[in-house]
Amino acid sequence: MIDEILKILEKCPQIQCERGEDRVRVHPATPEGFEVAIEQIWEDHYSVFYGGWHEDFHTLEEALSCFFFGLSNRCRLKVQSKHGNPFRWTVEHWDDPSWRERSTKATWSHRFLTPTVTTYLQNDLLPESDLHRLMDELVAHA
């Protein structure tokens, strides 16, 4: 899986990534972006990470779809912080004409009386047309 993902990412020179034993991590291209990673936990179990958000998948196709979606401009990450410490991450997708929430992960914050600051992070590393083509290539090799 890792080698196939890296072959695809090599075709996109703006993408900076690193490989681990069972993991690929893509670094944000700008300060307004977020890290995207995919990891094979064991056979037929994968995790995809967008910054502090993550989701587990039991098929490679679903995990790859989520991984590449995070690199596109149709996905953004809503990050909520208190005193500069992120505690809630919400994945949103573009559903013309507005953003819709997909999934949220959170940790407990002991600063419950502190005002929450919300920022939006977004990657624009893969055009939507490339997204579908890349998925077709990867599924064909899987």
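Computed over the Cα atoms of the chain, what is the convex hull's projected area averaged over all directions, in nm²? Show your work: numbers first, answer last.
Working: hull surface 36.5 nm².
Mean shadow area of the hull around the Cα atoms is 9.1 nm².
What 222 nm value per residue comes from the helices of the chain, counting each DSSP H run with n ≥ 4 as -39,500 (n - 2.57) and dividing by all residues, nearest 500 deg cm²/dmol?
Working: 3 runs with 33 residues, N = 142.
That comes out to -7000 deg cm²/dmol.
Given Cβ point charges of +1 (Lys, Arg) and -1 (Asp, Glu) and nothing else, what value in debye, to the nearest 20, does the dipole of the chain about its Cα centre take? Don't jump to the answer; show the numbers that get you there.
Working: 15 positive and 24 negative charges, 182 e Å.
In total the dipole reaches around 880 debye.
Please enumerate, by chain and number, the aspartates and glutamates with C-alpha under 18 Å from the C-alpha of LYS7, excluding those fewer than 8 residues away in the same chain.
Partners found: GLU18, GLU21, ASP22, GLU39, GLU61, ASP130, ASP136, GLU137.
Which residues in segment 64-90 have a backbone N closer than 12 Å to a point placed 7 Å from the Cα of GLU55 along the Cα-to-Cβ line?
Under cut-off, by backbone N: 64-70, 75-76, 90.
Could you give the length gained on full extension between THR104 and ASN73, defined as 0.36 nm per residue of separation minus the Cα-Cα distance, in nm?
On the way: separation 31, 0.36 × 31 = 11.16 nm, distance 1.86 nm.
The THR104-ASN73 span can extend by a further 9.3 nm.
May I ask you to compute the full-extension gain from GLN80 to ARG25, defined as 0.36 nm times their residue separation minus their alpha-carbon distance, rounded to one decimal in nm? Mind showing how you got there, number by number?
Details: separation 55, 0.36 × 55 = 19.80 nm, distance 2.25 nm.
Using 0.36 nm per residue and subtracting the Cα-Cα distance, I get 17.5 nm.
Give me the percent of the accessible area of the chain that comes from carbon and sulfur atoms, probe 1.4 Å, all protein chains in place.
Working: 3970 of 8120 Å².
Using a 1.4 Å probe with all protein chains present, the chain comes out at 49 percent carbon and sulfur.
Along segment 86-97, what does the Karplus equation 6.51 cos²θ - 1.76 cosθ + 1.60 (θ = phi - 60°) give for ³J(HN,Hα), rounded to whole Hz, x for Gly and Pro?
Whole-Hz 3J(HN,Hα) from phi for segment 86-97: x, 9, 9, 10, 10, 7, 10, 10, 7, 10, 2, x.
Just to verify a number: FRET efficiency for ASP3 and GLU32, C-beta to C-beta distance, R0 = 35 Å, to 0.05?
On the way: r = 30 Å, r/R0 = 0.86.
So the FRET efficiency works out to roughly 0.70.
Using +1 at the Cβ of each Lys and Arg and -1 at the Cβ of each Asp and Glu in the chain, identify which of SER81, ASN123, CYS17 lies farthest towards the dipole's positive end.
Farthest towards the positive pole: SER81.
Amide H of GLU35: which non-local residues (sequence gap of 5 or more, or other chain) have their own amide H closer than 5 Å, using H built in the peptide plane?
Counting only residues 5 or more places away or on other chains, the set is GLY51.
Mind checking the per residue accessible area of the chain for me, 1.4 Å probe, whole number of Å²?
57 Å²
Along the charge dipole of the chain, pointing to its positive end and built from +1/-1 on Cβ of Lys, Arg, Asp and Glu, which listed residue (MET1, TRP108, THR30) has its Cα farthest out?
TRP108
The values are calculated or read from the model by the stated rules, or taken from the named source; none is laboratory data. Only a predicted model underlies this, so the values are computations on that prediction, with no experimental measurement involved. All Cβ positions, even for glycine, are placed from backbone atoms using ideal geometry, and neighbour counts span all protein chains on display. Just the protein is used for accessible areas: all its heavy atoms, side chains included, with ligands, DNA and RNA removed. Shrake-Rupley method; radii C 1.70, N 1.55, O 1.52, S 1.80 Å.
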